[in-house]
Amino acid sequence: MNERNQLDARRLTAELRAGQRAALARAITLIESRRVDHQAMARDLVQELLPHTGKAVRVGITGSPGVGKSTTIDALGMYLLERGRNVAVLAVDPSSARTGGSILGDKNRMPRLAATDRAYIRPSPASGTLGGVASKTREAMLLCEAAGFDVLLVETVGIGQSETAVCEMTDFFLALMLPGAGDELQGIKKGLVELADMIAINKADGDNVKAANLAAAEYRGALHILTPRSEHWHPPVITYSALTGTGIDALWQKILDHRAAMNASGEFAARRRDQQVKWMWSMLEQRMMARLRADPAIRLKVKKIEAEVAEGRRAPAVAAEQIAGMLR
């Protein structure tokens, strides 16, 4: 990196550490950029800030459309702000390049959080691939921590592999559900329940309270026959209302209880270490793929090999070895 970029990186680091929101926004834009010089500067920036990261509570939140993720994040975020926490909200939405925006949409879905300087809301970059979005979100998490945010809420669109990606980059994975489990339980995704550190039934208010309690009982029964992620934590099932705020305190307390249990067993530190190594390999894979796409000569050869594989004239294993050889 040239001298000017080094000075820019140092200035950005100082401004970000001072809590300047504009600096955080510029830093995240930098890591999302595909320009080679920007990527080099972003790597140096993250490395410089690394000692100031890792202390925040990282919570992944998923749920099907209509379950009330945005309302829940708004309610939980305000609850935390009132207790002296600083909250950042990030999204993982690989579909944003196709839909034209993040699942978070406009910030008016979280009106109270969007109106306060102690909260920061950032949609996912529209890179169109899960790997790309997840990678940028991981880096954005580190920048938010370095900027002083001590609670990170990472929202997933709630479909496909984005759930696994968010689970693997957070400390606590929260699955939101709706009342009416009698029918919904038949179609519940076993994989999602196995990932979840807690299931929370939203909209437990008014006439829905009875249905929410019934749903909670159904999910507790389902969890009993599944193997939990950790032997030190059995995922609870709670009910709450994002609309009225009822149960938000219990929801947050369970997250703290989980952190205490994981810390006591040593699993928290082990999980964080595993995440760091997975991030490294994920970014290495992306760099290799980027090189394949960036080099015109290699891209032409790969296209020819692709055609031969499609026509059945070359075995996929042989083709993969030849492509890998181009990167050596």
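The values are calculated or read from the model by the stated rules, or taken from the named source; none is laboratory data. Everything quoted here is computed from the prediction, not taken from an experiment. Positions of Cβ are generated from backbone atoms using ideal geometry, with glycine treated the same way; all protein chains shown enter the neighbour counts. Ligands, DNA and RNA are stripped out before the accessible areas are found, and what is left, the full protein with its side chains, is counted by its heavy atoms. Shrake-Rupley method; radii C 1.70, N 1.55, O 1.52, S 1.80 Å.
Side notes on the structure shown:
- Here Gly131 passes the criteria (1) open to solvent by less than 20 Å² (accessible area, probe 1.4 Å); (2) among the small types (Gly, Ala, Ser); (3) at pLDDT below 95; (4) in a helix (DSSP H, G or I) except the one numbered (1).
- Members of segment 23-47 found to be open to solvent by 60 Å² or more (accessible area, probe 1.4 Å) and either among the aliphatic types (A, V, I, L, M) or within 11 Å of Leu143 (Cβ to Cβ) (or both), listed by number: Arg26, Thr29, Val36
- Within segment 236-261, residues that are on the phi > 0 side of the Ramachandran plot sit with their Cβ atoms under 7 Å from residues that are in a loop (DSSP other than H, G, I, E, B), at 6+ positions apart or across chains, in these pairs: Gly247/Ala204; Gly247/Tyr240; Gly247/Ser241.
- Applying a threshold of 7 Å to beta carbon distances and a minimum spacing of six or more residues, or different chains, the list of pairs starting in segment 57-71 at a residue that is open to solvent by 60 Å² or more (accessible area, probe 1.4 Å) and ending at one that is modelled with pLDDT of 90 or more reads Thr71/Ala242; Thr71/Leu243.
- Which listed residue, of Thr137, Thr164, is modelled with pLDDT of 70 or more, outside any loop (DSSP other than H, G, I, E, B) and more than 14 Å from Ala88 (Cα to Cα): Thr164
- Residues of segment 42-66 satisfying the condition of being among the small types (Gly, Ala, Ser), modelled with pLDDT of 90 or more and in a loop (DSSP other than H, G, I, E, B): Gly54, Ala56
- Count of residues meeting criterion [among the hydrophobic types (A, V, I, L, M, F, W, C), assigned to a helix (DSSP H, G or I) and in contact with a strand residue (DSSP E or B) (Cβ under 7 Å, 6 or more places away or on another chain)] in segment 224-261: 4
- For segment 196-206, the criterion of being in a helix (DSSP H, G or I), out of contact with any Asp or Glu (no Cβ under 9 Å at 6 or more places or on another chain), more than 19 Å from Met262 (Cβ to Cβ) and at pLDDT 90 or above is met by at least one residue.
- Failed criterion for Glu306 (all others in (1) open to solvent by 80 Å² or more (accessible area, probe 1.4 Å); (2) among the charged types (D, E, K, R); (3) not in a helix (DSSP H, G or I) hold): (3)
- Test: residue in segment 60-67 that is within 16 Å of the chain's Cα centre (by Cα) and under 30 Å from Arg291 (Cβ atoms): no
- One residue from Leu90, Leu76 being crowded, with 20+ Cβ neighbours inside 10 Å, part of a helix (DSSP H, G or I) and at pLDDT 90 or above: Leu76
- Test result for Glu267, touching a strand residue (DSSP E or B) at 6+ places or on another chain (Cβ under 7 Å) and of a type outside the set (Lys, Arg): yes
- When Pro236 is tested against the conditions (1) closer than 28 Å to Thr137 by Cα; (2) open to solvent by 30 Å² or more (accessible area, probe 1.4 Å), the lone failure is (2).
- Some residue of segment 266-274 being assigned to a helix (DSSP H, G or I) and open to solvent by 90 Å² or more (accessible area, probe 1.4 Å): yes
- If the condition is being touching a residue at least 40 places away in the same chain (Cβ under 8 Å), of a type in the set (A, V, I, L, M, F, W, C) and closer than 22 Å to Ile61 by Cα, then segment 262-289 contributes Met262, Phe268, Trp279.
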